[in-house]
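*Asks:* The structure that follows is given in the form of structure tokens.
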Amino acid sequence: MGAALRFNVMHFMPYVHLPENHKEYKSTWVSFPNKYYDPHKGLDLYNQYLSQLVLADKLGFDAIVVNEHHNTVYSMMACPSLIAAALIPQTTNARICVWGTPPNFTLPNRLAEEYAMLDVMSKGRLEVAFPLGTGMEYWSNPVNPATAREKFRESLKIILQAWTEDGPTTHYGQYYTYRFLNPWPRPFQRPHPPCYIVGTGSPETIEIAAEYGFGYASVFVTQQAAAELNDNLRQRAASYGNTLRPDQFPLQTWVYVAETQEQAEREFFGHFQHFFEDFARTSPQFLAPPGYLSTDQLKIRAEMADKMHGGFDFNAISKSFFIAVGTPEKVANQLGEWSVKMKTSHFNNVMHVADMPHWKTVKNLTLFAEEVMPRLRSRSTPSYRMAAE
Amino acid sequence: MIRFERETFVINGVKTVVFTAGHGEPVVFFHGASTLEGFEFCQSWSERHRVIVPHHPGFGESGDDPNLTEMHDYVMHYLELFDTLRLDRFTLVGLSLGGYLAAKFASEHGHRVKKLALIAPSGMIDPQHPMIDMLAVPGEQVPGLLVSNFEVMKKFLPEKPDLDFMAERYREATTVARLLWEHPGDPKFMRYLHRIRVPTMIIWGDEDKVIPVGQAETWRKFIPNADIKIFKGAGHLVHLEKPEAVEAMSNFII
């Protein structure tokens, strides 16, 4: 029997009330003036977004995914653990995925404790992912991008040591000294909540996932890059003696389901364009602070950057990324096809985009849960089974 | 004109490229936070001096060493390089970040420095005349900040966007970030500046957009005998904009 398909709802909780003159700003990240944030509007948005995620749990989605960004309209989740804490008492079955706080922006013991708290409070529903953090976050937090990757590795080691070894233990490293690493509480799940690395596929982050046997939650990765990333990760993991399961390759998709194809495209398109043009708009400088990338990676990404941040060509983007928009039948077929191609059983679906109104998001979630999930779950053709196994 | 010869040394594991021209009393030039604008300006000194221009680790043709994380590591690097080159005592000239390094070297190892010349040096924490945080300046805006007359910069810049050029600047910015991202200023540097007792010249352009010329007077507080020369109508790279600035240094280092 194959592993069950898994459906997440991933939310960014954007601040959607951009000022009329927002195009005057090259970036809606890092330096975009926070005078444009109205806490009253923010309150309404938090309530709306939280209700969408609570609905996702009721509708039978397997997991709810929250994430961390700073200084940007793109996300109001500067501290995703707070969102997770708000969701836990309002949800019953869905896994709560904090994907996640960059360990570099907090203290490793504190992150180990924070996640352990959420895991205990949710009775073991927590999953975590460790991002390095985008380049933009390194302009917003007082952490050196040039040493970010080494520091990240050391933080990860400390967190796992805190979760897997009986304390007190010690850690004497380059960035941190722990004379008594002994965090209370400890995670509900043993040895620890399921872990992923989250990233855009840099060789360094893939290596970490491979070494620890973690899943890799790729974000903003093109179809071709994702296929290469997954194959590469499987091979690298094998070299450490780790075999990864299909559910350890969450596939980030943008999904919008409606009654007809035409209606789906009409209802979705504007928000998606707004997302790429305005919410993901940032500058090359902010994307790559000094030392954040190797010079080789810098060259590769400099050529990609225009496509991904701020430029919009729907045909190019829909071919590049995993975007399923249409009737339940079409979306189910599309996801089924990607499941086989990418050898994954795990869909990380973005179902609210930019300024998408509440009613569309609710409809999207409902149609997906009631019309798409049953279609995919009832299929057990050999190819799907093979993909899931 | 005497041509520079290029030599490569390995100093404590770091490939270090050194350009040398001429004979006579040695003069060492420390470049700034980029090798972009070269060092041709000091070629004329080679008629009377042995001119030595090393590329700092992480810049230009020298290799990278991520373990060099503070200015003091560069002081140690140069102690070892100068020993290797059998340079006992020499005149030290430093530009911008290289001026910071030269002053730091002179405050710690004054007996090895005959004379010190600083061109718009960084390193000073001066709240009344703050330096621009160059790490926060978008790459495309950097060249315009360096000079008063942009024509001077043009020959150092590619005509079209050039990925390799951009990558090299990114690499040099990475080296600077290792040193200065978290702490752009080090109060300890100023604490020991008074130890500089060798003849010192400080030159500055009065239109410097990177480090305000007002900092020149702040330097005087730490090095009271310094000969400060301000050049009108020049920016940060005053030595490229004003031949008189190079001439003043030439007369000083003789």
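The values are calculated or read from the model by the stated rules, or taken from the named source; none is laboratory data. Fair warning: this is a prediction, and the values are worked out from it, not measured in the lab. As a convention, Cβ positions derive from the backbone with ideal geometry for all residues, glycine included, and neighbour counts pool all protein chains shown.
*Asks:* Identify, by number, the condition in (1) under 29 Å from A:N349 (Cα atoms); (2) within 14 Å of chain B (Cβ to nearest Cβ) that A:P102 doesn't meet.
*Replies:* That leaves (2) as the condition not met.
*Asks:* Exactly one of these conditions fails for B:K104: (1) at pLDDT 95 or above; (2) in a loop (DSSP other than H, G, I, E, B). Give me its number.
*Replies:* Only one criterion is unmet by B:K104, namely (2).
*Asks:* Could you list all residues from the range A:199-231 that are touching a Lys or Arg at 6+ places or on another chain (Cβ under 9 Å) and under 19 Å from A:E68 (Cβ atoms)?
*Replies:* A:T200, A:S202, A:T205, A:I208, A:A209, A:G215
*Asks:* Which of (1) farther than 24 Å from A:F368 by Cβ; (2) modelled with pLDDT under 95; (3) not β-branched (V, I, T) does A:A238 not meet, given it meets every other one?
*Replies:* Of the numbered conditions (1) farther than 24 Å from A:F368 by Cβ; (2) modelled with pLDDT under 95; (3) not β-branched (V, I, T), the odd one out for A:A238 is (2).
*Asks:* Count, please, the residues in the range B:169-214 that happen to be within 14 Å of chain A (Cβ to nearest Cβ), under 22 Å from B:L240 (Cα atoms) and in contact with a helix residue (DSSP H, G or I) (Cβ under 8 Å, 6 or more places away or on another chain).
*Replies:* Final tally of qualifying residues: 2.
*Asks:* Can you say whether B:L101 is within 30 Å of A:K151 (Cα to Cα), more than 14 Å from every other protein chain (Cβ to nearest Cβ), crowded, with 16+ Cβ neighbours inside 10 Å and touching a strand residue (DSSP E or B) at 6+ places or on another chain (Cβ under 6 Å), as far as the supplied structure shows?
*Replies:* yes
*Asks:* Return yes when A:E259 is more than 21 Å from the chain's Cα centre (by Cα), more than 14 Å from chain B (Cβ to nearest Cβ) and surrounded by 15 or more Cβ atoms within 10 Å (Cβ to Cβ) and no when it is not.
*Replies:* no
*Asks:* Another question, then. Return the only residue of B:K221, B:K229, B:K209 being at pLDDT 95 or above, among the basic types (K, R) and assigned to a loop (DSSP other than H, G, I, E, B).
*Replies:* Unique residue meeting the criteria: B:K209.
*Asks:* Give the range B:3-37 a look and list any residue that's surrounded by fewer than 15 Cβ atoms within 10 Å (Cβ to Cβ) and either farther than 18 Å from B:R86 by Cβ or small (G, A, S) (or both), or say none.
*Replies:* The answer is B:R3, B:R6, B:G13, B:G24.
*Asks:* OK, next. Please specify each residue of the range A:152-187 satisfying the condition of being assigned to a strand (DSSP E or B) and either in contact with a Lys or Arg (Cβ under 7 Å, 6 or more places away or on another chain) or among the β-branched types (V, I, T) (or both).
*Replies:* Result: A:T169, A:T170, A:T177.
*Asks:* For the range B:61-76, which residues satisfy the criterion of being in contact with a Lys or Arg (Cβ under 6 Å, 6 or more places away or on another chain) and either of a type in the set (F, W, Y) or within 14 Å of chain A (Cβ to nearest Cβ) (or both)?
*Replies:* Matches in the range B:61-76: B:G63, B:T69.
*Asks:* If I filter the range B:23-60 down to residues being of a type outside the set (S, T, N, Q) and either part of a helix (DSSP H, G or I) or farther than 26 Å from B:A245 by Cβ (or both), which single residue comes out as nearest to the other protein chains (Cβ to nearest Cβ)?
*Replies:* Among residues in the range B:23-60 that are of a type outside the set (S, T, N, Q) and either part of a helix (DSSP H, G or I) or farther than 26 Å from B:A245 by Cβ (or both), the one nearest to the other protein chains (Cβ to nearest Cβ) is B:G58.
*Asks:* Something else: Is it true that B:F150 is among the hydrophobic types (A, V, I, L, M, F, W, C), farther than 20 Å from B:R178 by Cα and in contact with a Leu (Cβ under 9 Å, 6 or more places away or on another chain)?
*Replies:* So B:F150 does not fit the description; no.
*Asks:* May I pose another question? All but one of (1) at pLDDT 95 or above; (2) among the hydroxyl-bearing types (S, T, Y); (3) buried (at least 16 other Cβ atoms within 10 Å of the Cβ) hold for B:T84, so report the exception by its number.
*Replies:* Unmet for B:T84, out of (1) at pLDDT 95 or above; (2) among the hydroxyl-bearing types (S, T, Y); (3) buried (at least 16 other Cβ atoms within 10 Å of the Cβ): (3).
A quick yes/no check of all residues on (1) among the polar types (S, T, N, Q); (2) without any contact (Cβ under 8 Å) to a residue 12 or more places away in the chain; (3) under 30 Å from A:M117 (Cβ atoms):
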| site | (1), (2), (3) |
| --- | --- |
| A:F180 | no, no, yes |
| A:P187 | no, no, yes |
| A:P193 | no, no, yes |
| A:A227 | no, no, no |
| A:D231 | no, yes, no |
| A:L244 | no, no, yes |
| A:Q252 | yes, no, yes |
| A:G270 | no, yes, no |
| A:E277 | no, no, no |
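*Asks:* Checking A:A129 against (1) aliphatic (A, V, I, L, M); (2) surrounded by 22 or more Cβ atoms within 10 Å (Cβ to Cβ); (3) under 26 Å from A:T344 (Cβ atoms); (4) touching a Leu at 6+ places or on another chain (Cβ under 9 Å): exactly one of these is not met. Which one?
*Replies:* For A:A129, the failing item is (4).
*Asks:* Kindly list the number of the only condition in (1) of a type outside the set (V, I, T); (2) part of a loop (DSSP other than H, G, I, E, B); (3) closer than 19 Å to B:H109 by Cβ that fails for B:H236.
*Replies:* Condition (3) is where B:H236 drops out.
*Asks:* Go through the residues of the range B:110-121 one by one and say whether even a single one is part of a loop (DSSP other than H, G, I, E, B), away from every other protein chain (no Cβ under 14 Å) and not acidic (D, E).
*Replies:* yes
*Asks:* Hey, among the residues in the range A:132-151 that are in a loop (DSSP other than H, G, I, E, B) and within 14 Å of another protein chain (Cβ to nearest Cβ), which one's surrounded by the fewest Cβ atoms within 10 Å (Cβ to Cβ)?
*Replies:* Once the filter is applied, the top-ranked residue is A:P142.
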